[in-house]
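Beneath this line is the structure, given in structure tokens, with notes to follow.
The values are calculated or read from the model by the stated rules, or taken from the named source; none is laboratory data. What you see is a predicted model, and the numbers here were worked out from it, not measured in a lab. Note that we place each Cβ from the backbone using ideal geometry, even for glycine, and neighbour counts take in every protein chain shown. With ligands, DNA and RNA removed, areas are computed over all heavy atoms of the protein, side chains included. Shrake-Rupley method; radii C 1.70, N 1.55, O 1.52, S 1.80 Å.
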Amino acid sequence: MAKKGLGKGLDALFFEENTDSGVHELKLTEVMPNKNQPRKAFDEEKLRVLADSVKEHGLIQPIVVRKTDDGYVIVAGERRWRAAKLAGLKKIPALVKDYDDLAVKEVALIENLQREDLNPIEEAMGYRSLMDEYNLTQEEISARLGKSRSAIANSVRLLALDDFTRDKLISEEITEGHARCALSVPEGVVREFFVNRIIQEGLNVRQAELLAKDLAKTPSPKSDKQKNTAYRLELERISKGLEQYLGTKVKLSGTGKKGKIEIEYYGNRDLERILELIGRRQ
């Protein structure tokens with residue numbers, strides 16, 4: 001396949017003048033999803049909304065498929081295919097293209113990236129797949145997909161994240177900028193403390209960078225001394241949250257087995273106020 005157009009958009013790729021095939025009406029049972037599709041998660045509610053639209057207006061834009069011995073494999077348009085199934089369609093309009101494996105992966109990435117359908121980890125896995133399976137460099141991927149080399153490099157770095165931080169990134173509780181900051185923080189309890197601080201205090205990326213510099217000096221909690229350091233950081237986080245809620249100074253001390261909470265109050269009225277707040281949390 002000619003490599004032109006991959007970074008210029010889907011229209012340039014699918015509807016070029018020398019297209020090898022027009023639109024076909026294929027049975028839904030003949031069409032299969034691509035097991036190497038970079039997008040792994042599909043929002044069920046959004047699919048139902050699209051399915052309702054398909055029921056009313058039909059499928060306006062054809063999907064793109066490749067012919068195989070067993071039928072047709074989706075190159076682009078799996079979300080539309082899923083919605084068509086939910087809508088009860090028996091056939092689906094499709095462009096049949098003669099793509100090789102590399103082109104299929106490139107087109108799938110382009111479609112999802114242009115529609116912003118991939119979460120940051122899925123995007124990074126797509127780039128990594130092009131690098132590992134087809135020996136493409138980041139510069140080559142940049143040229144093919146129309147993305148800067150630095151953007152691809154920063155994306156791939158996210159694959160070094162631990163599962164806890166990945167989950168917070170995928171759920172959009174932190175941004176890609178926050179996640180890259182987390183890579184400089186020791187993995188484990190210290191990094192979890194870092195990520196939780198970002199979420200609970202609403203830190204921007206610059207604030208997260210400053211916090212990461214401080215925490216980068218904290219070793220991963222492998223020895224008892226290091227575990228105590230991580231535990232102290234967690235107590236600090238909890239005490240700050242209590243101080244904000246109670247409106248007074250709170251001190252936590254102890255170990256993982258037992259400890260002490262000290263809450264300052266100033267007079268009987270202040271004590272009654274604090275006790276009332278504590279009672280609301282029960």
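Counting the residues of segment 176-189 that are open to solvent by less than 60 Å² (accessible area, probe 1.4 Å) and either in contact with a His (Cβ under 9 Å, 6 or more places away or on another chain) or assigned to a helix (DSSP H, G or I) (or both) gives 5. For the criterion of being without any contact (Cβ under 8 Å) to a residue 60 or more places away in the chain, under 20 Å from A212 (Cα atoms), open to solvent by less than 20 Å² (accessible area, probe 1.4 Å) and of a type outside the set (S, T, Y), V75 fails. What do you reckon, is E192 in a helix (DSSP H, G or I), open to solvent by 40 Å² or more (accessible area, probe 1.4 Å) and within 21 Å of P38 (Cα to Cα)? Here the answer is no, as E192 does not meet what is asked. Pairs linking a residue in segment 120-132 that is among the hydroxyl-bearing types (S, T, Y) to a residue that is buried (at least 16 other Cβ atoms within 10 Å of the Cβ) and modelled with pLDDT of 90 or more, with Cβ atoms under 6 Å and 6 or more positions apart or on different chains, are Y127/I152; Y127/S155; Y127/V156.
Of the set (1) open to solvent by 80 Å² or more (accessible area, probe 1.4 Å); (2) in contact with a strand residue (DSSP E or B) (Cβ under 9 Å, 6 or more places away or on another chain), all apply to A94 but (1).
So, in segment 224-282, of the ones that are of a type in the set (G, A, S) and part of a helix (DSSP H, G or I), which residue ends up modelled with the highest pLDDT?
Looking only at segment 224-282, we keep the residues that are of a type in the set (G, A, S), and these are 230, 239, 241, 247, 253-254, 256, 259, 267, 279.
The next check asks that each one be part of a helix (DSSP H, G or I); those that pass are 230, 239, 241, 279.
Details: A230: 64, S239: 81, G241: 76, G279: 77.
Result: S239.
Looking only at segment 106-119, residues that are open to solvent by 20 Å² or more (accessible area, probe 1.4 Å) and either more than 23 Å from K46 (Cβ to Cβ) or free of Cβ contacts under 8 Å to residues at least 60 places away in the same chain (or both) come to 3 in all.
Could you tell me which residue of segment 29-53 is farthest from A83 (Cα to Cα), considering only residues that are among the acidic types (D, E) and part of a helix (DSSP H, G or I)? The residue in question is E30. Of note, K27 satisfies the criterion of being open to solvent by 50 Å² or more (accessible area, probe 1.4 Å), farther than 30 Å from L130 by Cα and more than 28 Å from the chain's Cα centre (by Cα).
If the condition is being more than 26 Å from K105 (Cβ to Cβ) and touching a helix residue (DSSP H, G or I) at 6+ places or on another chain (Cβ under 8 Å), then segment 54-71 contributes V54, K55. Taken over segment 56-107, the criterion of being of a type in the set (G, A, S), modelled with pLDDT under 90 and not in a strand (DSSP E or B) is satisfied by G58, G77, A103. Does any residue of segment 166-175 turn out to be open to solvent by 60 Å² or more (accessible area, probe 1.4 Å) and at pLDDT below 90? Within segment 166-175, not a single residue is open to solvent by 60 Å² or more (accessible area, probe 1.4 Å) and at pLDDT below 90.
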